[in-house]
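Asks: Right, I'll just put the structure down here and ask away after.
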Amino acid sequence: MKLHFYVRFHTKPGEFLSVMGNIPALGNNQPAQALAMTWLNNEFWQISVELEHPHLTQLRYKYVLTYADGYQVVEWGDDKLIDTTKAGVDEIQLVDRWNYAGEFENVFYAAAFQQTLLHDQFTTVKASNPRKFTHIFKVKAPLLKKHEVVCLCGAAPELGEWDGSRSLLMAREGDWSVVRVQMGREAFPLFYKYGVFNTRTKSFLRFEEGENRFLFGDAVNKLSIIHDGFVQLSNTSWKGTGVAVPVFSLRSKKGFGVGEFTDICLLADWAKKTHLKMIQLLPVNDTSGTMTRLDSYPYSAISAFALHPIYINLETVAGKKHAAILKNFRKEQKLLNALPQIDYEQVMKTKLAALQELFVAEKENFLEDADFRVFFEANKDWLVPYAAFCYLRDKNGTSDYTQWKIYSTYNKEAIEKYVSPRARHFHQIAFQYYIQFHLHLQLKDATDYARSNGVIVKGDIPIGIGRHSCDAWIDPTLYNMHLQAGAPPDGFATRGQNWGFPTYNWGKMQEDGFAWWKRRFDSMGKYFDAFRIDHILGFFRIWSIPINAVEGIMGHFVPDTPVDVREFEERNIWFNYERYVQPFVNDAVLQRYFGNENNFVKEQFLEPIHDGLFRLRRDFDTQRKIEQYFAGLEKNDFHAWLQQGLFDLVSNVILFEKEGSGGRSYHFRFGIEETESFRQLDGHTQQQLKDLYVDYFYRRQDWAWRKEAMNKLPVLKASTNMLVCGEDLGMVPPSVPDVMRQLGILSLEIQRMPKDPQREFFHPNDAPYLSVVTPSTHDMSTIRGWWEEDRVKTQHFYNNELGQWGEAPWFCEAWINKAVVLQHLHSPAMWSIFQLQDILGISATLRREHPAEEQINIPADPKHYWRYRMHISLEDLLKEKSFNHEVKDMVTDSGR
């Protein structure tokens, strides 16, 4: 069989196209081995290939763009397919359009839309299927309404001679609308268009927008297959609204003091009632590392695959057969469920005790259960080591596996033997299987229920994994265990954030094609229709903090292009290692940081060096050493203040030396202008350093960061059919929005966090279509809470963003909250998503009394207790007819 590939694509000088596919002649789907094409004209690239694969039944192929610098991009999608058994000819001409991942229409082929949100709109039609045909036309149109199908119409008699009523109806085959036509030679060159036909009224509705399409050549002795991309129709008409709330925050009347997976069903009922189409959750993975309130932090999982036991519903596990077991826990359940906030430790303690009793009653039958065996076989790669990890954690009293007496280094064969059913402790291993199996069933049932009601569920993938996690134990080479991930300083955390996670060893991960990430996405896809990539900037570059530091301010971006020592000379900056790289400490600095306690600090923590300068004694020369010292002292305000002052001394530097550079390369400390070290330099040196600082942070890195992201994100996005959203907040490089647009990843737009530094606020009307707009997230105060934080900003917002005259109210009244919500509902963004607290805020009677109690997390506090709960039960919320009707009207009136 001979194939002639033609693809419409305009290239720039130095660029070229290739074709790859699932056969050796086309590189076995390896972009580096793709077959180079030839430039034909400004419209097409082409190549002809002779196939010698007698057993080939399906050829799947796609195109590859290679830039002048050798960088490659593979077109989006995996649906250019030839069934060679049905071709019926020895020669095929393929006329294709490049599928750009950033095309809006591609988003609508995610499972969220195809299986739930647009599922009821699909209309099937029986297209003409002639025995003989010369051309197969294929095109996509994801946003047709019910009873609408694509039709083909053109200049040739076979295509109706531009008479829409005689157009050819196209049947849906997979994602494509397809029609087969016998065309005569005289029809070419062929001019044509696609249109929309209503099957109920049997009427032609309209042609697609734009210029006529054309097809060259003739059809003699060839079959022509045309992959024509998308019908040119309005592609920004679909909009949806969602609610964001952590599972742990849900409250139900039969709850156990914390939200559970089964509560998602009640939330889905409310979402359906109010015409919301999405439920957005925080991460639900197991974080049980310390068995204390510190584990309430949902972004520090001990497993990227295991679900958190706290979300299990005991009644569902027990069923009628073992319901009596739970009677002993009813009193504690009632007390915990009456609390305004979560008592994390007590809930976990009580639930695990109840689960132990249920497991003992069920374990003989459980291990032989057919459904469990299916679950076990599908998940044993992570489930077995996870169960062993939990057992060893409990046996050793710590999840820090480096302190374990045995198996501190993971060995797969040894662990599989250790958890054998013949082992004395196997029942404790099987207990973990039991919990995870029931969590799986409950989350799957809940998300299936939501989908059956037209509501999709969006999960959250944290950027990191816990330092003392099962994943790190299994393969520490995938992570930089000597480093910590975090974020540079911002308005929410002035000294930066240190999340404590090890950073990813991306080079190692790439060796097997990011298999760990693909397994992670596959695990998410079992339950969720969409997901949020936490801190997507980490795929471009990560804020990396040395292990001896406590605060995020001590970090720098990785990868980066550091400042070479020669650059100081080139800018006439006298380079002084001691002055720029070591903490600058003199009497003025000590007076500013410690006031009247400066002499005590000198005596206790410092030693003099020369010219009135001091340095921290060896026992206190890193933040981690200082932290360890104060950990042994009584906790009081004075010690906390003193520790912070010493932390600030350590971070009072201008440069960090690049590890292993031999003193030749340096990273700038973020925010040098805020340091006492910088302030005490002369004006000329300050300006020269500032210019180099700006170049370092805002100019020289962007292209490298872009390539870094494009090495990872296209591969990972292609591995899942979930709708992908990115959390692109913070210090956003210029390459980030462009890469996200190219890949069709939805951005996050927040009114009080404008990405344009020239603006005080972002207006939802300015949002791009492929985005999520929201007035607040779990990492910040709600609308009402923010209103009371900064009177000056509130006044500006009241006058300039809400368009109101006069003095702003001191408190966020219900009508103000509603006005902000309406701004977001009427945004052009695909999704407007609101924290549940912000939706309740439109009601003067339903809202919580104190807005400060609504904030879920405080990013500046790494040990924050995540314990927010709804103050109203979901059952009672469902009964609020007037309020629910108001929300429904707001949503539907906005066209969402």
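Asks: How many residues, within region 524-573, are open to solvent by 20 Å² or more (accessible area, probe 1.4 Å) and among the small types (Gly, Ala, Ser)?
Replies: Matching residues across region 524-573 total 1.
Asks: Surrounded by fewer than 18 Cβ atoms within 10 Å (Cβ to Cβ), of a type outside the set (Gly, Ala, Ser) and touching a residue at least 60 places away in the same chain (Cβ under 8 Å): which single residue out of Thr236, Thr241 fits that description?
Replies: Working: Thr241 fails: surrounded by fewer than 18 Cβ atoms within 10 Å (Cβ to Cβ).
When all the criteria are applied, what remains is Thr236.
Asks: Just checking, how many residues over region 1-25 are among the aliphatic types (A, V, I, L, M), assigned to a loop (DSSP other than H, G, I, E, B) and open to solvent by 20 Å² or more (accessible area, probe 1.4 Å)?
Replies: Here is the first cut: in region 1-25, the residues among the aliphatic types (A, V, I, L, M) are 1, 3, 7, 17, 19-20, 23, 25.
Filter once more, so that each one left must be assigned to a loop (DSSP other than H, G, I, E, B): 1, 23.
Of the ones still in play, those that are also open to solvent by 20 Å² or more (accessible area, probe 1.4 Å) are 1.
Counting residues in region 1-25 that are among the aliphatic types (A, V, I, L, M), assigned to a loop (DSSP other than H, G, I, E, B) and open to solvent by 20 Å² or more (accessible area, probe 1.4 Å) gives 1.
Yes/no matrix, rows are residues, columns are (1) outside any loop (DSSP other than H, G, I, E, B); (2) touching a Leu at 6+ places or on another chain (Cβ under 9 Å); (3) crowded, with 18+ Cβ neighbours inside 10 Å; (4) not hydroxyl-bearing (Ser, Thr, Tyr):
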site: Glu186; (1), (2), (3), (4): yes, no, no, yes
site: Gly195; (1), (2), (3), (4): yes, yes, yes, yes
site: Leu205; (1), (2), (3), (4): yes, no, no, yes
site: Lys254; (1), (2), (3), (4): no, no, no, yes
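Asks: Follow-up question, since we're still on this one. Any idea how many residues of region 408-440 are assigned to a helix (DSSP H, G or I) and free of Cβ contacts under 8 Å to residues at least 24 places away in the same chain? Reasoning before the result, please.
Replies: Taking region 408-440 and keeping what is assigned to a helix (DSSP H, G or I), we get 412-418, 426-440.
From what's left, free of Cβ contacts under 8 Å to residues at least 24 places away in the same chain: 413-414, 417, 426.
So the count comes out to 4.
Asks: Then there's this: Could you tell me whether any residue of region 57-66 is over 29 Å from Thr720 (Cβ atoms) and surrounded by fewer than 16 Cβ atoms within 10 Å (Cβ to Cβ)?
Replies: For region 57-66, residues over 29 Å from Thr720 (Cβ atoms) and surrounded by fewer than 16 Cβ atoms within 10 Å (Cβ to Cβ): absent.
Asks: Please enumerate the residues belonging to region 743-766 that are surrounded by 21 or more Cβ atoms within 10 Å (Cβ to Cβ) and in a helix (DSSP H, G or I).
Replies: Leu743, Pro764
Asks: Regarding region 864-877, can at least one residue be identified that is open to solvent by 60 Å² or more (accessible area, probe 1.4 Å), free of Cβ contacts under 8 Å to residues at least 60 places away in the same chain, not in a helix (DSSP H, G or I) and not polar (S, T, N, Q)? If you could, list the steps in order and put the result at the bottom.
Replies: If we filter region 864-877 for residues that are open to solvent by 60 Å² or more (accessible area, probe 1.4 Å), which is where we start, we get 867, 871.
Among the residues that remain, those that are also free of Cβ contacts under 8 Å to residues at least 60 places away in the same chain are: none.
So far as region 864-877 goes, no, none of its residues is open to solvent by 60 Å² or more (accessible area, probe 1.4 Å), free of Cβ contacts under 8 Å to residues at least 60 places away in the same chain, not in a helix (DSSP H, G or I) and not polar (S, T, N, Q).
Asks: Identify the single condition in (1) open to solvent by less than 40 Å² (accessible area, probe 1.4 Å); (2) over 30 Å from Val74 (Cα atoms) that Glu158 does not satisfy, given that it satisfies every other one.
Replies: (1)
Asks: Here's another thing I want to ask about it. Just name the residue that is most open to solvent (accessible area, probe 1.4 Å) out of those in region 767-811 that are in contact with a Gly (Cβ under 7 Å, 6 or more places away or on another chain) and assigned to a loop (DSSP other than H, G, I, E, B).
Replies: Per the criteria, the residue is Leu770.
Asks: When region 660-683 is examined, which residues are found to be over 19 Å from Pro488 (Cα atoms) and without any contact (Cβ under 8 Å) to a residue 12 or more places away in the chain?
Replies: Residues satisfying the conditions are Gly660, Gly662, Arg679, Leu681, Asp682, Gly683.
Asks: While we're looking at this one, here's another question. Which ones in region 182-204 are among the hydrophobic types (A, V, I, L, M, F, W, C), in contact with a helix residue (DSSP H, G or I) (Cβ under 8 Å, 6 or more places away or on another chain) and more than 16 Å from Phe216 (Cβ to Cβ)?
Replies: Phe197, Phe204
Asks: State the number of residues belonging to region 881-896 that are among the acidic types (Asp, Glu) and in contact with a helix residue (DSSP H, G or I) (Cβ under 9 Å, 6 or more places away or on another chain).
Replies: 2
Asks: Restricting to region 61-87, and then to whatever is in contact with a helix residue (DSSP H, G or I) (Cβ under 8 Å, 6 or more places away or on another chain), of a type outside the set (A, V, I, L, M, F, W, C) and without any contact (Cβ under 8 Å) to a residue 60 or more places away in the chain, can you tell me which residue is nearest to Ile23 (Cα to Cα)? Quick ask: steps written out before the conclusion?
Replies: Our first condition is that a residue be in contact with a helix residue (DSSP H, G or I) (Cβ under 8 Å, 6 or more places away or on another chain); within region 61-87, this holds for 61, 64, 71-74, 76-78.
Checking which are of a type outside the set (A, V, I, L, M, F, W, C) leaves us with 61, 71-72, 77-78.
With without any contact (Cβ under 8 Å) to a residue 60 or more places away in the chain added as a condition, the list becomes 61, 72, 77.
Details: Tyr61: 9, Gln72: 20, Gly77: 18 Å.
The residue in question is Tyr61.
Asks: Checking the conditions here, which among Phe248, Phe191 is open to solvent by 60 Å² or more (accessible area, probe 1.4 Å), in contact with a Phe, Trp or Tyr (Cβ under 8 Å, 6 or more places away or on another chain) and not in a loop (DSSP other than H, G, I, E, B)?
Replies: Unique residue meeting the criteria: Phe191.
Asks: Suppose we keep only residues that are surrounded by 17 or more Cβ atoms within 10 Å (Cβ to Cβ) and not in a strand (DSSP E or B) within region 26-48. Which one would you say is farthest from the chain's Cα centre (by Cα)?
Replies: Met37
Asks: Cβ-Cβ distance below 7 Å, separation of 6 or more or different chains: which pairs start in region 497-519 with a residue that is closer than 14 Å to Thr477 by Cβ and end on one that is hydroxyl-bearing (Ser, Thr, Tyr) and not in a strand (DSSP E or B)?
Replies: Asn505/Thr477; Lys508/Thr477
So that you can scan it fast, the table gives a plain yes or no per residue for (1) among the acidic types (Asp, Glu); (2) surrounded by 14 or more Cβ atoms within 10 Å (Cβ to Cβ); (3) free of Cβ contacts under 8 Å to residues at least 40 places away in the same chain:
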| residue | (1), (2), (3) |
| --- | --- |
| Ala631 | no, no, yes |
| Lys635 | no, no, yes |
| Gln643 | no, yes, yes |
| Val653 | no, yes, no |
| Phe656 | no, yes, no |
| Thr685 | no, yes, no |
| Leu689 | no, yes, no |
| Tyr696 | no, yes, no |
| Lys707 | no, yes, no |
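The values are calculated or read from the model by the stated rules, or taken from the named source; none is laboratory data. The model shown is predicted, which means the values in this text are computed figures rather than measured ones. All Cβ positions, glycine included, derive from the backbone under ideal geometry; neighbour counts span all protein chains shown. Protein only, heavy atoms only, side chains kept; ligands, DNA and RNA dropped before computing areas. Shrake-Rupley method; radii C 1.70, N 1.55, O 1.52, S 1.80 Å.
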